[in-house]
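First the structure, in the form of structure tokens, and then the observations on it.
The values are calculated or read from the model by the stated rules, or taken from the named source; none is laboratory data. Note that the structure is predicted; figures quoted are calculated from it, not measured. Note that we place each Cβ from the backbone using ideal geometry, even for glycine, and neighbour counts take in every protein chain shown.
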Amino acid sequence: MAQQAKTLSDLIEALPWLDKFAESTQNTTNAIFGKNNATQKVKDWLNGTPLMHRLHPALVAIPIGAWTTGLVLDLLETRAEKPAEWARSADAAVALGLIGAVPSILTGLADWTDTYDHQRRVGIAHSMVNGIALTFYGASLGLRRADRRGYARLCSAVGFGVMTLGGMLGGELVYTLGVNVPHITYPKPPNEFVDLLASADLKEDKPVVAEAGRVPVLLLRRGESVFAVQNWCPHAGGPLNEGEFDGDKVSCPWHGAKFCLSDGRPLQGPAATPLRTFEVREEAGRILVRPTDSARSWPPAPAPA
Ligand code: FES
């Protein structure tokens, strides 16, 4: 039975209640941005269209940088002989992060408005987690004003941890799910079994590539087992069939990432995303495959207009 290693975004797939919230939020953002030419122009700027560069990744550097600085200054405050000076600077860093979060949220919202399915679900989780971080930092600023410095520092530290989790989800959105990456790079295989080739054409230890839909699938027969995984390396698309095979492992020919063929797990970098695996069925002299995990986490094809 084929297995599939799970990513952080796969875990979010187990939270279907997010869809309802995501759908109603997206309906609202679509209604706002699509209201007239002026609102469309605003969205264009938030997407970074006139600059020909996405703005969200650039702007998130402000709260992340400010709050990281705040964390360091908070630590220094607890150790300093004259803590008041460090305290003032730490408070300013927390406030700057809160101000800088506003354009980050707006640009992120504009980018998320055009996502679908799994991307949309992970995107709303990303924004909710970052919203929690923001709340902790807002509370921290309030506590700083009330001179409750111990609690304020605690809120900032928790906020920092939550923000880090939000950042990891943001990374999943781009690196794993390909948000704002041309979808042609990420075709999606059919969910049902697809007949790929005759059993006789798959010889022991001789990798073969065959297409399930538009997805090139790497097949390898090893004794009783037939491994089937996506043929493109998730790091930068290297053709795995041209790599080196060792037992149930394959090395990418381009930058040497290694993967387990049983469940797709990355075993050596630079790749950090599992290969998608396929369930294999051999019957009547033919080899058929379908995605192991009901096509979870395959970045979705664009929705029909
Ligand atoms: S493309 Fe495979 S390791 Fe870089």
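List, please: which pairs have Cβ atoms under 9 Å, are six or more places apart or on different chains, and start with a residue in segment 105-124 that is on the phi > 0 side of the Ramachandran plot and end with one that is part of a helix (DSSP H, G or I)?
Within 9 Å, the pairs are 117/19.
Please state which one of 216, 253, 190 is in contact with an Asp or Glu (Cβ under 9 Å, 6 or more places away or on another chain) and either not in a strand (DSSP E or B) or not aliphatic (A, V, I, L, M) (or both).
253
Would you check which residues across segment 260-296 are within 16 Å of the ligand (Cβ to nearest atom) and part of a strand (DSSP E or B) and list them?
Residues satisfying the conditions are 260, 266, 267, 268.
The rows are residues; the columns are (1) surrounded by fewer than 22 Cβ atoms within 10 Å (Cβ to Cβ); (2) out of contact with any His (no Cβ under 6 Å at 6 or more places or on another chain); (3) under 25 Å from residue 174 (Cβ atoms).
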residue	(1), (2), (3)
97	no, yes, yes
103	yes, yes, yes
133	no, yes, yes
140	no, yes, no
143	yes, yes, no
147	yes, yes, no
160	yes, yes, yes
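Tell me yes or no: at least one residue of segment 45-61 is touching a residue at least 40 places away in the same chain (Cβ under 8 Å) and surrounded by fewer than 15 Cβ atoms within 10 Å (Cβ to Cβ).
No - not one qualifying residue is present in segment 45-61.
Keeping to segment 219-250, report how many residues are within 16 Å of the ligand (Cβ to nearest atom) and in a strand (DSSP E or B).
Within segment 219-250, residues that are within 16 Å of the ligand (Cβ to nearest atom) and in a strand (DSSP E or B) number 9.
Of the residues 85, 81, which is in a loop (DSSP other than H, G, I, E, B), surrounded by fewer than 16 Cβ atoms within 10 Å (Cβ to Cβ) and out of contact with any Gly (no Cβ under 7 Å at 6 or more places or on another chain)?
The match here is 81.
Among (1) within 10 Å of the ligand (Cβ to nearest atom); (2) among the polar types (S, T, N, Q); (3) farther than 22 Å from residue 9 by Cβ, where does residue 199 come up short?
Here residue 199 meets the rest and fails (1).
Evaluate segment 239-246: report whether one residue or more is touching a Ser or Thr at 6+ places or on another chain (Cβ under 7 Å), assigned by TED's automatic domain parsing to the domain that holds residue 291, touching a residue at least 12 places away in the same chain (Cβ under 8 Å) and farther than 19 Å from residue 10 by Cβ.
No, that holds for no residue.
Please give the number of the condition residue 100 fails out of (1) free of Cβ contacts under 8 Å to residues at least 12 places away in the same chain; (2) within 19 Å of residue 160 (Cβ to Cβ).
(1)
Of 127, 140, which residue is of a type in the set (S, T, N, Q) and touching a helix residue (DSSP H, G or I) at 6+ places or on another chain (Cβ under 6 Å)?
Of 127, 140, the one residue that is of a type in the set (S, T, N, Q) and touching a helix residue (DSSP H, G or I) at 6+ places or on another chain (Cβ under 6 Å) is 140.
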